[in-house]
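Peer 1: Sharing a structure, written as structure tokens. Questions coming.
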Amino acid sequence: MSFSSRTALAACLAVMSALPAAAQIRWDLASVFAPSSADGVAAQFFADRVKELSRGRIEVKVHFSGSLGFQCADHLEVVETGAVPLASICTTQLGGHNPIFLASTLPFVISRPEEARAFRDSYILHVAAAYARHNQVVLYSYANTPAGFWSKVDRPNPASLRNWKIRTFDQNSLRTMVNAGAAPVNLPWSDVIPALSTGTIDGVFTAGEAGFASGFQDYLPVFIAVNGAIGIAEGTINTGVLNSLPPDLRAAVLRAGEETTDVAFNRMVGLVAETYARMRARGMTVIENPPEALIVHLRNAGAPVVSDWLTRVGPTGRAILDTFAARRVAMPR
């Protein structure tokens with residue numbers, strides 16, 4: 001076969017492969033968390049619904065626990081460049097790109113799990129615009145259970161936090177714990193277990209469910225539910241990849257994302273009590289109502305973090321918090 005014939009054949013095959021009726025579309029979705037985590041459950045639900053709604057024409061393979069070799073902070077870039085078409089992104093790892101990404105973990109702004117969806121709906125247009133500047137579209141959001149302290153011992157008062165080597169998860173949590181007198185360090189999720197096993201850290205500030213799904217209970221038998229934040233994260237897709245779909249498949253993908261958001265937030269509220277029950281069944285101590293003095297101390301430590309964020313984000317930040325406040329007032333208590 002001549003070079004020109006081979007070229008023509010290759011071009012023909014490329015056109016045929018682009019037609020949705022001719023071949024199944026296969027996408028990879030990167031996740032750094034375990035399949036049983038809130039992140040993992042949301043990602044798999046999305047993948048399953050995409051397959052169902054597209055009638056098998058799109059298949060999404062979720063790669064859990066960082067198996068593609070990327071840290072969560074890498075996911076913005078790999079989706080932006082198209083190296084991976086979809087990812088479940090730890091939004092709060094992106095504060096260096098834009099402080100808007102730190103909205104959901106502002107300390108003690110969300111006080112109840114039931115309020116997480118209202119907060120997400122208050123900020124999502126602004127966060128989606130920030131993602132759009134990185135060549136990607138938000139498909140779905142999910143919430144973690146409230147962040148608390150994983151510890152070897154109870155820490156009932158402000159003095160018990162002093163110089164505590166605790167892993168934090170973003171700029172908000174890091175600065176809050178510095179202000180509280182601890183000795184925090186931000187670490188990628190994949191580095192937490194190695195740091196616990198070597199004694200580099202002896203505590204973790206993160207969601208109860210995410211920590212339990214990753215086995216933190218084998219190192220830290222106490223969970224203190226300070227409810228410092230409820231981290232909300234997004235699943236995104238490369239804009240070009242989404243726009244390359246015919247209208248019916250694009251609509252199926254977007255619908256799958258909307259359904260994933262609904263299911264994820266509805267699931268999260270009940271997941272808190274379920275997780276605490278599972279912790280106790282494994283012999284852990286769960287302190288659901290920490291002493292008021294500890295909470296007041298942490299709130300005071302977090303207040304400057306919120307103020308600084310508002311200064312950096314400007315009117316958009318104030319609009320998010322005001323919108324959330326109005327939504328919260330309208331919620332049933």
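The values are calculated or read from the model by the stated rules, or taken from the named source; none is laboratory data. Because the structure is predicted, anything quoted here is derived from the model rather than measured. Please note: Cβ atoms are built from the backbone with ideal geometry, for glycine as well, and neighbour counts cover all protein chains shown.
Peer 1: Of all residues in the stretch 283-333, which are of a type in the set (A, V, I, L, M) and assigned to a loop (DSSP other than H, G, I, E, B)?
Peer 2: So in the stretch 283-333, the residues of a type in the set (A, V, I, L, M) come out as 284, 286-287, 293-296, 298, 301, 303, 305-306, 310, 313, 319-321, 325-326, 329-331.
Within the stretch 283-333, 284, 331 qualify.
Peer 1: What strands (runs of 3 or more DSSP E) completely inside the stretch 100-192 contain at least 1 residues that are touching a Phe, Trp or Tyr at 6+ places or on another chain (Cβ under 6 Å) and on the phi > 0 side of the Ramachandran plot?
Peer 2: Result: empty, no element qualifies.
Peer 1: Does residue 256 fit the bill of being part of a helix (DSSP H, G or I), more than 25 Å from residue 109 (Cα to Cα) and in contact with a helix residue (DSSP H, G or I) (Cβ under 9 Å, 6 or more places away or on another chain)?
Peer 2: So residue 256 passes the test.
Peer 1: Report, by residue number, each residue of the stretch 76-128 that is in contact with a His (Cβ under 6 Å, 6 or more places away or on another chain) and among the hydrophobic types (A, V, I, L, M, F, W, C). Don't jump to the end; show me each part of the working.
Peer 2: Let us first name the residues in the stretch 76-128 that are in contact with a His (Cβ under 6 Å, 6 or more places away or on another chain), namely 76, 80, 87, 89, 100.
Selection gives 76, 87, 89, 100.
Peer 1: Taking the condition of being assigned to a loop (DSSP other than H, G, I, E, B) and in contact (Cβ under 8 Å) with a residue 40 or more places away in the chain, how many residues in the stretch 77-95 meet it?
Peer 2: First pass over the stretch 77-95, keeping only residues assigned to a loop (DSSP other than H, G, I, E, B): 82-85, 90, 95.
In the following step, the residues that additionally are in contact (Cβ under 8 Å) with a residue 40 or more places away in the chain were identified as 82, 84-85, 90, 95.
Result for the stretch 77-95: 5.
Peer 1: Does the stretch 282-291 include one or more residues that are β-branched (Val, Ile, Thr) and within 30 Å of residue 125 (Cβ to Cβ)? So that I can check it myself, show each step before the final result.
Peer 2: To start, the set of residues in the stretch 282-291 that are β-branched (Val, Ile, Thr) comprises 285-287.
In the following step, the residues that additionally are within 30 Å of residue 125 (Cβ to Cβ) were identified as none.
The answer is no; no qualifying residue exists.
Peer 1: Can you go through 318, 299 and tell me which one is over 23 Å from residue 41 (Cα atoms), out of contact with any His (no Cβ under 6 Å at 6 or more places or on another chain), assigned by TED's automatic domain parsing to the domain that holds residue 152 and without any contact (Cβ under 8 Å) to a residue 12 or more places away in the chain? Working first, answer last.
Peer 2: Details: 299 fails: without any contact (Cβ under 8 Å) to a residue 12 or more places away in the chain.
The unique qualifying residue is 318.
Peer 1: Would the stretch 224-247 turn up any residue that is part of a helix (DSSP H, G or I), under 19 Å from residue 44 (Cα atoms) and at pLDDT 95 or above? Let's see the steps before the verdict.
Peer 2: Going through the stretch 224-247, the residues part of a helix (DSSP H, G or I) turn out to be 239-243, 247.
Among the residues that remain, those that are also under 19 Å from residue 44 (Cα atoms) are: 242.
Then drop every residue that is not at pLDDT 95 or above, which leaves 242.
Within the stretch 224-247, one or more residues are part of a helix (DSSP H, G or I), under 19 Å from residue 44 (Cα atoms) and at pLDDT 95 or above.
Peer 1: So is residue 263 modelled with pLDDT of 95 or more, assigned by TED's automatic domain parsing to the domain that holds residue 50 and under 23 Å from the mean Cα position of the chain (by Cα) or not?
Peer 2: Yes; evaluated as a whole, the condition is true for this residue.
Peer 1: Taking the conditions exactly as written (within 23 Å of residue 274 (Cα to Cα) and surrounded by 17 or more Cβ atoms within 10 Å (Cβ to Cβ)), does residue 117 satisfy them or not?
Peer 2: Numbers: within 23 Å of residue 274 (Cα to Cα): yes; surrounded by 17 or more Cβ atoms within 10 Å (Cβ to Cβ): yes.
When the stated conditions are applied, residue 117 passes them.
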